[in-house]
Amino acid sequence: MNESLVPDDSLFVDSLFLGAREWLTVALVLALAATGLAIWSYAKRSPLSRLRLLALLLKITAVAALAFCLLEPMRRTLRPKPGANVMALVADNSRSMKMRPPGGRTAQNEQLNRWLAGSAAWQSRLAQDFDVRTYAFDDRLRSVEDLGSLDFQGNHSSLADAIGTLQDRFAQRPVAGLMLFTDGLATDDVQQLLQRDDFSFPIYPIVLPADAEPQDLSIQDTVVNLSAFELAPAGAQATLQATGLAGQDIVVRLLDLAGKTLEKQRITCDTAEFQQRVRFQFRPSAPGFQLVRMQAALASEDRDPEEDDQQSELVSRREITTANNSKLLAVDRGGGPYRILYVAGRPNWEFKFMRRALEEDIEIQLQGLVRIAKQEPKFSFRDRGVETANPLMAGFSDDEETTEQYDEPVLLRLGVEQDELKAGFPSGEEDLFSYHAIILDDVEAAFFTQQQMLLMRQFVAERGGGLMMLGGHESFVQGGYHDTPLGDVLPVYLRGTERRRDDQAAQYRLTREGALEPWLRLRANQSEEQSRVKKMPDFLTVNSVSQVKPGATVLAQLNDGDGQLPGLVMQRFGRGRSLSLLVGDFWRWGMRREDAQNDDLAQSWRQIARWLTADVPKRLEVDVQAPKNPLDPYRLVLQLRDTSFKPLDNASISLTVTEPDGQTVTASATPDADRPGVYVAEYWSTRDGGYLCRVEATGPDGETFEPLETGWAAQPSQSEFAQVRPDHELLKQLADKSQGQMIPIDELESFVSRLPSQQVPITEARVEPLWHRPWLILLAVGCLCVEWGLRRWKGLP
């Protein structure tokens, strides 16, 4: 319950003085003579009883009052000089003012309208003594002519900014005070305002009663987790808060923009102040940017939007507001396509299964470079006449200049366009760094030049790409990778020799660390996952290594009966990551499918490919940062890199933003002064909904980057409803800090009538005569009449 803090004592001191001081002697003589005569008259007739004494005192009082009038008594008072002192009336125009206060039948704005109307009597009384200024604030402070015309549609309540603005605006003006009409639900930092010690005028918050506990549901702290893996492609989390709804059931839905329910949960509130984290998993309908909505409602009032299309907004008879019952979430699965370069030393089954699996992922582009014949010794003397082309390529090319020679390997390019990989494995940064990951399958180190292996090392360490090596007869130790630049990248040591037979079967089992990796899990729960792993076939082609490197993680082990060997090992290397699968016949897994509809090997290859390419930097990247303060803009941080993936400066970046209503706005990004290759843009999102942003960049040399699309979800209207209970404690702090008072609205008129007696900057002295005041004459006449009445009533002489 709100307690009135209005004091009863005036802060002004009135002074009395006599207007006819020259009559003081005459008045005293007359008063003493009349008093003495009265005493003598009563005393000579009979002894003074209590009744006679009372009558005597009444006559003496009347004589004193008449004598006092002869002196012309005056009163000097200090009052505000009319129109000299500013009195600011500031009203909150935000949407939270439309909420019903707890226990109230009407909304706050409806209760305030009769008080805020310009024709209100209290405002007319206030204008007699003060220069009344009227203001409204939501996202900013503005002057208004009539507070009764406010629409209460603001999305923000910038209380601290409004008070601070008036403090600065009236710094050199006499201000009597600020009367504040608000619920105290500020969207900016009022605590910082309270740290000020230079409040130049008192603040008088005018508050509505709020005695009952509000009933409300809200969705807060939403998070979207995107996964590159098929088991849990996307996750949505939020905090469900319920106030005053103990024992009630709540339905939380995850909806797409068409109103289709993707997932839903039913939760029971067990306390008056209930809070629980809600989690959903769902599959986005398509790659790219899209929106979903999380919505909460009482089970008794819940409805399926697909079935009830007559009503577009939530309605509740119990909640104080439904404006905070839903949240928009942005899901951005853009970023592809991701390019993977597969290099094999010979045709094998592994590429067949891998290629078939990755064809189902539209965001993965697999390009293959498969050697179908090794190079012949350069000085091999054979009787082939003048023919220099490899017979394996005969009939496939009319251009002898491009036909593989005897001393060159015969390579088959798969999944490439035009002249890509025509010269074999890339030898330059621009060509190799256009890929996101590299997979090496059963290819020896001698296949690459020293420069190419250094380039692959740089690809992982500096470009941040992913590298995977599969097992085989010419991989790892047998491939001669010891003491090579690629040997440094791999997560296993390649010292010693392999001691395995090809006919010795080995079982593949995930370690504890591997079972915790989502990209290795193919089932929804632990028991099903363990059962799946046990059904995997034994593998015959296994590469043994001496040990794993420090910092590397063994994700799977191979048990061949003689002991355990590393089966799958990963590690971070520089900015990238590397993975070693020490099995050369992983394809056997796909040959033993118990369920034709459930291709575990294909799903595993897709998830491994996504893990290899996840977090790999791109030449153009954008990070959308939501503001902490809802009044601040969204911040877009863009990173631009050249073909060597070094920071690129002096570029031109333009943004085309499509707002929720379909309107397009063009903006530009400016270079960050502290970080090379970084550009920053800010965008104020003033409407609720999704914002789609297309980023176009042009390098300093005129190179045009591939456009990038991203987006975000904004709900500026919900910043008002993070809290629904009126914050009277905050308003009391403002009043105390500024030497003001908190005024219940039903005491507003009486407070205004007392305001002229409060201390103000500019006052004027007023002299008021007291001797001809009716009450003074009535006092004298009244005393004489009562004295006469007593004597007549009791028969006194």
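For segment 163-274, a Kirkwood radius taken over Cα pairs fed into Stokes-Einstein (25 °C, viscosity 0.890 mPa s) yields D = 129 µm²/s. For segment 517-615, the dipole from Cβ point charges (+1 on Lys and Arg, -1 on Asp and Glu) about the Cα centre works out to 380 debye, to the nearest 20.
Equivalent ellipsoid semi-axes for segment 69-142, as square roots of 5 times the alpha carbon gyration tensor eigenvalues: give them largest first, rounded to whole Å.
Value: 38, 17, 9 Å, ordered largest first.
Inter-part distance, segment 424-471 to segment 508-567, computed on C-alpha centroids, equals 26 Å.
With the convex hull of the Cα atoms taken as the outline of segment 649-797, the averaged projected area works out to 22.1 nm². Long hydrophobic helices in the chain, taken as whole DSSP H segments with a C-alpha length of 24 Å or more on their own axis and mean Kyte-Doolittle hydropathy at least 1.6: 50-70. Ligands, DNA and RNA aside, Met742 has an accessible area near 10 Å² when probed at 1.4 Å. Modelled label positions at Lys535 and Val416, each set 7 Å beyond Cα in the direction of Cβ, lie 4.0 nm from each other. Listed cross-link partners Lys260/Lys327; Lys264/Lys327; Lys327/Lys628; Lys352/Lys534 are compared with a 18 Å cut-off, the Cα-Cα value being larger for Lys352/Lys534.
Distance from the C-alpha centroid of segment 607-646 to that of segment 102-160: 45 Å, rounded to the whole angstrom. Solvent-accessible surface (1.4 Å probe) assigned to Glu363 amounts to roughly 20 Å². Computing volume of the Cα convex hull per residue in Å³ directly from the structure and comparing it against [x] 250; [y] 380; [z] 272 singles out [z]. The slack in the chain from Leu194 to Thr656, taken as 0.36 nm per residue of separation less the alpha-carbon distance, amounts to 162.3 nm. The charge dipole of the chain, taken about its Cα centre with unit charges on the Cβ of Lys, Arg, Asp and Glu (plus for the first two, minus for the last two), comes to roughly 4940 debye.
Computed over the alpha-carbon atoms, segment 18-163 gives an Rg to Rh ratio of 1.44, Rh here being the Kirkwood radius from the mean inverse distance.
Suppose only helical runs count, i.e. DSSP H with n ≥ 4. What mean residue ellipticity at 222 nm does that imply for the chain under -39500 (n - 2.57) per run, divided by all residues and rounded to the nearest 500 deg cm²/dmol? Kindly include the intermediate steps, with their values, before the conclusion.
On the way: 17 runs with 175 residues, N = 797.
Roughly -6500 deg cm²/dmol at 222 nm, from the helical runs in the chain.
Using a Förster distance of 41 angstrom, determine the FRET efficiency expected from the C-beta separation of Ala515 and Leu454, and round it to 0.05. Computed FRET efficiency for Ala515 and Leu454: 0.70.
Tell me the relative contact order for the chain as a rounded percent, counting alpha carbon contacts under 8 Å between residues six or more apart.
Working: 1642 pairs, mean separation 131.1, N = 797.
For the chain, the relative contact order is 16 percent.
Give the peptides 447-459, 171-183 in descending order of average Cβ contacts within 10 Å, highest first.
Numbers: 447-459: 18.5, 171-183: 21.4.
Ranked by mean Cβ neighbours within 10 Å, highest first: 171-183, 447-459.
Taking every protein chain into account, the accessible area of the chain amounts to 50 square angstrom per residue (probe 1.4 Å).
Residues whose amide H falls under 5 Å from that of Leu411, counting only those 5 or more places apart or on a different chain, are Ile372, with hydrogens built in the peptide plane.
Run the Debye formula on the Cα coordinates of segment 582-693, all scatterers equal and no solvent, and tell me log10 I(q)/I(0) at q = 0.16 1/Å. Scattering profile of segment 582-693, log10 relative to I(0): -0.83.
With each label modelled as a point 7 angstrom along the Cα→C-beta vector, the Ser119-Val781 pair spans 4.1 nm.
When both segment 685-730 and segment 188-254 are represented by their alpha-carbon centers, they are found 20 Å apart.
When Rg and the Kirkwood Rh are both derived from Cα coordinates, the Rg/Rh ratio for segment 566-621 amounts to 1.08. Protein-only accessible surface at a 1.4 angstrom probe places the residues Leu28, Leu240, Leu411 in the order Leu28, Leu411, Leu240, largest first.
Given +1 at the Cβ of Lys and Arg, -1 at the Cβ of Asp and Glu and no other charges, the dipole of segment 677-758 around its Cα centre is 460 debye to the nearest 20. With the convex hull constructed from alpha-carbon coordinates only, segment 669-722 shows a mean projected area of 5.3 nm² over all directions.
Just so you know, the averaged projected area of the alpha carbon convex hull for segment 449-488 sits at 2.8 nm².
The values are calculated or read from the model by the stated rules, or taken from the named source; none is laboratory data. Bear in mind the structure is a predicted one, so any value in this text is a computation, not a measurement. So basically every Cβ, Gly included, is an ideal-geometry build from the backbone, and we count neighbours across all protein chains shown. Just so you know, the surface numbers come from the protein's heavy atoms only, side chains and all, with ligands and any DNA or RNA stripped out. Shrake-Rupley method; radii C 1.70, N 1.55, O 1.52, S 1.80 Å.
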